[in-house]
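I have placed the structure first, in the form of structure tokens, so that the comments after it can refer back to it.
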Number of protein chains: 2
Amino acid sequence: MRAVLDKRQPDLTVLLERVHKPHNFSAILRSCDAVGVLEAYAIPAKHGIPDLDEPEGLSLQGKTYNETSGSAAKWVGLHLHEDTVSAFTHLKARGFQVLAAHFSERAVDYRVADYTRPTCILLGTEKWGVSPEAAELSDGHIQIPMMGMVQSLNVSVAAAVILFEAQRQRIQAGFYEQPRLSPEHYEAVLRSWVARHERGRG
Amino acid sequence: MRAVLDKRQPDLTVLLERVHKPHNFSAILRSCDAVGVLEAYAIPAKHGIPDLDEPEGLSLQGKTYNETSGSAAKWVGLHLHEDTVSAFTHLKARGFQVLAAHFSERAVDYRVADYTRPTCILLGTEKWGVSPEAAELSDGHIQIPMMGMVQSLNVSVAAAVILFEAQRQRIQAGFYEQPRLSPEHYEAVLRSWVARHERGRG
Ligand SMILES: C[S@@+](CC[C@H](N)C(=O)[O-])C[C@H]1O[C@@H](n2cnc3c(N)ncnc32)[C@H](O)[C@@H]1O
Ligand SMILES: C[S@@+](CC[C@H](N)C(=O)[O-])C[C@H]1O[C@@H](n2cnc3c(N)ncnc32)[C@H](O)[C@@H]1O
């Protein structure tokens with residue numbers, strides 16, 4: 001556990017804006033775990049998606065989610081926010097730049113963004129994408145070059161492609177070489193992981 | 001259509017070894033389309049996965065697959081092979097290096113491989129991964145660095161991360177700047193796309 005915690009990046013995260021398919025949600029948390037994201041953020045899909053099949057949206061404590069998560073959910077802290085504004089307020093107060101994965105006039109190639117800065121990557125919902133509100137509040141828009149007939153990638157694919165570019169930049173910058181958490185934070189997370197692990201076996 | 005065909009890469013492909021979840025399968029074809037893969041290869045899941053829920057495996061002509069494919073399947077030619085050996089024989093005869101996305105002693109970081117060579121990326125089945133047979137036949141093994149608690153990525157995520165590294169290298173090498181298909185091949189594919197498009201509207 002310490003070996004993993006030594007590489008956790010408190011200043012790299014994602015904000016999932018109403019991503020509602022459990023397999024996408026859990027694939028994204030798996031990728032977060034793999035690049036060392038300490039905590040992820042989500043605005044549950046319950047509200048605000050007109051044609052959502054599941055009226056309850058993603059049940060985050062529910063069975064489907066945990067079953068498909070391949071256990072990544074245990075190791076990436078998940079914070080829920082009721083709406084876009086409150087998530088942004090929280091992230092900005094902590095000094096994150098929010099980069100929306102979103103096609104727009106402002107969008108730049110995702111490879112030119114600087115992910116060594118404290119960065120939150122915003123992903124939009126499967127069908128409708130990033131909300132106009134969130135696009136507006138974001139510090140920048142990034143896009144993955146599409147050279148085919150189809151207009152967009154699967155959301156968990158888009159998240160991963162960007163996260164592994166962030167990983168690449170952070171490997172180069174030496175960010176995985178020593179712990180990035182303060183000693184107090186480190187010990188607190190370690191205690192919670194140990195507790196979770198014990199519960200998982202109980 | 002010509003704008004897309006101008007960027008198609010006849011010498012970049014994937015081989016999906018018994019990937020059987022339709023959402024993974026279609027997310028991979030969507031990523032293939034986005035990086036300009038002309039044709040993809042698959043060994044259907046029907047045979048050889050002990051605990052497959054769907055006894056018929058992925059029905060490639062079936063509804064589920066086409067519905068979730070976001071139409072990428074229309075624009076990436078899919079070749080099916082009954083078994084691993086016949087797929088490898090076909091690919092090697094065409095001069096492809098086959099790189100297995102697979103953890104092993106031989107595996108190197110996926111970022112050091114040279115994707116400007118004619119390259120096929122081999123992906124394994126969700127639960128069991130790449131078969132020992134295919135691992136053995138591959139020219140090399142590549143792995144995406146994992147820094148978390150979970151041992152592997154979702155297969156469509158792994159495919160995309162590698163394909164977009166290939167895209168990055170091929171952008172740098174100027175591979176998307178002019179058509180890479182011979183004029184005859186180009187016209188043949190164009191005719192088949194036009195026909196498919198017409199049918200799609202009929
Ligand atoms: C399936 S897409 C939504 C498509 C929606 N029709 C739109 O135009 O935004 C779901 C999310 O994946 C991310 N995404 C998909 N393809 C992307 C790309 N090429 N570049 C950046 N983000 C992408 C975005 O965050 C998007 O909101
Ligand atoms: C879910 S994984 C299979 C895991 C299986 N337990 C194993 O150990 O191979 C499905 C496929 O995704 C690909 N994959 C997943 N994570 C990968 C990584 N970090 N590097 C390279 N390929 C990966 C491989 O092709 C693998 O066969």
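Summary table below
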| quantity | calculated |
| --- | --- |
| For B:LEU137, net neighbour charge (Lys/Arg +1, Asp/Glu -1) across residues whose Cβ lies under 13 Å away | -3 |
| Separation of the B:ARG199 and A:ALA195 label points, Cα + 7 Å toward Cβ, nm | 5.9 |
| R0 of 41 Å, Cβ-Cβ distance A:ASP83-A:GLU187: FRET efficiency to nearest 0.05 | 0.80 |
| Loop-exposed trypsin sites (Lys or Arg not before Pro) per DSSP, neighbour cap 15 Cβ within 10 angstrom, longest uninterrupted part of chain A | A:1-93 |
| Label zone at B:SER71 (point 7 Å along Cα-to-Cβ), backbone N below 17 Å, segment A:107-139 | A:127-129 |
| Value at 222 nm in deg cm²/dmol, rounded to 500, when DSSP H runs of n ≥ 4 in chain B each add -39,500 (n - 2.57) | -12000 deg cm²/dmol |
| R0 of 35 Å, Cβ-Cβ distance A:ARG106-B:ASP109: FRET efficiency to nearest 0.05 | 0.60 |
| Part-to-part distance (alpha-carbon centres) for segment B:8-26 and segment A:129-159, which is given in Å | 22 |
| Relative contact order computed over segment B:2-194 (Cα-Cα under 8 Å; 6+ residues apart), in percent | 29 |
| Spacing of the two label points (7 Å from each Cα toward its C-beta) at A:ARG2 and B:GLU136, in nm | 4.2 |
| Spatially near lysine pairs across chain A, Cα under 16 Å, sequence gap of 8 or more or different chains | 5 |
| Signed unit charges on C-beta, dipole axis of chain A, positive-most listed residue A:PRO179, A:PHE96, A:PRO10 | A:PRO179 |
| Unit charges on C-beta of K, R, D, E only; dipole of segment B:2-194, Debye | 560 |
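Every number in this text was worked out from the coordinates using simple rules, so none of it is lab data. Worth saying up front: this structure is predicted, and the values here are computed from it rather than measured. We place every Cβ from the backbone using ideal geometry, glycine too, and count neighbours over all the protein chains shown.
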